[in-house]
Amino acid sequence: MNSDEFRKYGHEVVDWIAEYFDNIESYPVKSQVTPGYIFEQLPNHAPDKAESMDSILEDFKKIIMPGITHWQSPNFFGYFPANNSFPSILGEMLTSALGSQCMVWLTSPAAAELEEKVMNWLKDMLSLPGEFHGVIQDTASTATLVSLLTAREKFANYKINSDGIDTQNYRVYCSTEAHSSIEKAVKIAGIGKNNLVKIPVDSTFSMSVDLLEEAIQKDIDNGYKPISVVAAFGSTGTTSIDPIKEIGEICRKFNIWYHIDAAFAGSALILQEMKHLCNGIEFADTFVFNPHKWLFTNFDCSAYFVKDKEALIRTFEIMPEYLKTNYDNHVNNYRDWGIQLGRRFRALKLWFVIRSYGIDGLREKLREHIRLANIIKNKIENSKDFELLAPVLFNTICFRLKPVNINDVERLNLINEKLIESLNNSGKVFFTHTKLNGKYTIRLVIGQTNVDEKHVLSAWEMIKEEAEIILNSEF
């Protein structure tokens, strides 16, 4: 493909993207295909001869698009959003065009210095402690692993990287509502999932600090070495917040590395009225949140902050001769700030987003999502057939269908599972679930970039209508 052909098809693709967003609500939110449908339409062998871009784009529309669940639809209310925006898409396009490999400053000075500056912007926007240093990771799962590996090395005086693990008596702590990536991280880090202590939660699904301190003291008495506590600022199931300050005080008392996982809800800290929820963040050693979840930036882009950057770099630094440069003592070589050697120019799309919206524009979007969540919260509270199952702190509503005449938990679980399946199969909306205290729980997350009040109200009407159909069939 020459530059003229690229220009022609580039315009065609951009036109298609714009049209896609203009008509996104005409697509079923959840893909309607069955397993194997896409696979069977694709040839078993790669083509020997070049194929035309016209043919490739046509197959994209005909074969690939039916198998897409439309995360950018304003009727997507599942999981946490992976929202994007036009400014972010443009930044991502330029990143792809440049094709920069941003492992060290020398390979792309603009990438390294823009990343440093944008992370400083985010630090100020969230009012994080000034001693934090920021770096962009791919996901919060990676950031949590990086944090635990740093904690492991610091407690081992950096001997595990050189000598390997010869003990299994380290302990890591999180709540029973914490994200599954923490368990994966302790497995990868060689600490072992049996040494991840999950602390029970209270009625608001927040970690019990009394039980945390009790567990730590018990482990110390039994010869274990507590090395890290991971607190949730916005748990995956309910967006509950662990007691940030109280946990920090416990970590300081026992000299334990403190990581805060704010993957989704951390974006809310750009709102002045939400900053009090993270009182005590100054105790944290590391903090992560994902602009690719609720700050309109294409996946993947995870903002990771660390106080002791020397411990981070000492954990991950490696210096083969072919990577040495004359600038190493004067710049940030971000390849030493995480697992990957090769790094994408992720800061560019984030820069586009922050500049295009401005802080005020980002705040306006988040406040609107929270306002819409409270509309649904009030409707559930005023309904005789539905009940809230968790506090609504941000824009995630956890609820279930609960008629007054049905009290059997298993029956209610089946009814709510049937409800969510029917709604998702309609293609008009998309929800996901969790289980809270054994109760099948529908999660409605209002965070998609272009969601509006009409979409939220329409979703609520669909929920009520489908619930009525299901209940009528039950009796």
- line: Scaled by the rule-of-thumb 2.2 N^0.38 Å, the alpha carbon Rg for region 327-475 gives a ratio of 1.42
Spin-label model distance (nm) - A97 vs T325, 7 Å beyond Cα toward Cβ: 2.3
task: Pull out a ≥ b ≥ c, the square roots of the eigenvalues of the alpha-carbon gyration tensor of region 68-167, then state rounded if a/c is under 1.5, prolate if not and a/b is larger than b/c, and oblate in the remaining case.
output: prolate
- prompt: What is the packing order of peptides 12-20, 464-472, taking the mean over residues of other C-beta atoms within 10 Å and listing the highest first?
  reply: 464-472, 12-20
message: Can you tell me, using C-alpha contacts under 8 Å and at least 6 residues apart, the relative contact order of region 100-344 as a whole percent?
response: 26
message: Between I24 and S422, what is 0.36 nm times their sequence separation minus the Cα-Cα distance? Round to one decimal in nm.
response: 141.2 nm
query: What's the FRET efficiency of N378 with N161 using the Cβ-Cβ distance as r and R₀ = 51 Å, to the nearest 0.05?
result: 0.45
task: For K253, go through the aspartates and glutamates and keep the ones whose alpha-carbon is under 16 Å away, minus same-chain ones fewer than eight residues off.
output: D210, E213, E214, D219, D221, E282, D285
message: Looking only at the chain, where both bridge partners belong to it, what percent of the DSSP beta bridges are antiparallel (to the nearest 5)?
response: 60
statement: One would report the antiparallel percent of DSSP beta bridges in region 100-344, rounded to the nearest 5, as 40
- prompt: Per residue, how much space in cubic angstrom lies within the convex hull of the C-alpha atoms of region 133-196?
  reply: 100
Partner lysines for K8 [C-alpha distance under 19 Å; skip if fewer than 8 residues away on the same chain]: K61
message: Within a 10 angstrom radius of the beta carbon, how do Y357, Y173, Y37, Y322 rank from fewest other beta carbons to most?
response: Y322, Y37, Y357, Y173
- prompt: Between F6 and W121, 0.36 nm times their residue separation minus their Cα-Cα distance comes to what?
  reply: 37.9 nm
task: Please compute P(r) over all alpha-carbon pairs of the chain, binned at 10 Å starting from zero, and give each bin as a whole-number percent.
output: 4, 18, 26, 26, 19, 7, 1, 0
statement: Counting only residues 5 or more apart in sequence or on a different chain, those whose built amide H sits under 5 Å from that of L388 are none
- prompt: If each of M53 and L90 carries a label point 7 Å out from its Cα toward its Cβ, how far apart are those two points in nm?
  reply: 2.1
- line: XL table K62/K418; K435/K464; K187/K349; K365/K435; K218/K307; Cα-Cα > 25 Å flagged, in table order, is K62/K418; K187/K349; K365/K435; K218/K307
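A short reminder: the numbers here are calculations on the coordinates, not readings from a lab. From a predicted model like this one, the values you see are computed outputs, not experimental measurements. So basically every Cβ, Gly included, is an ideal-geometry build from the backbone, and we count neighbours across all protein chains shown.
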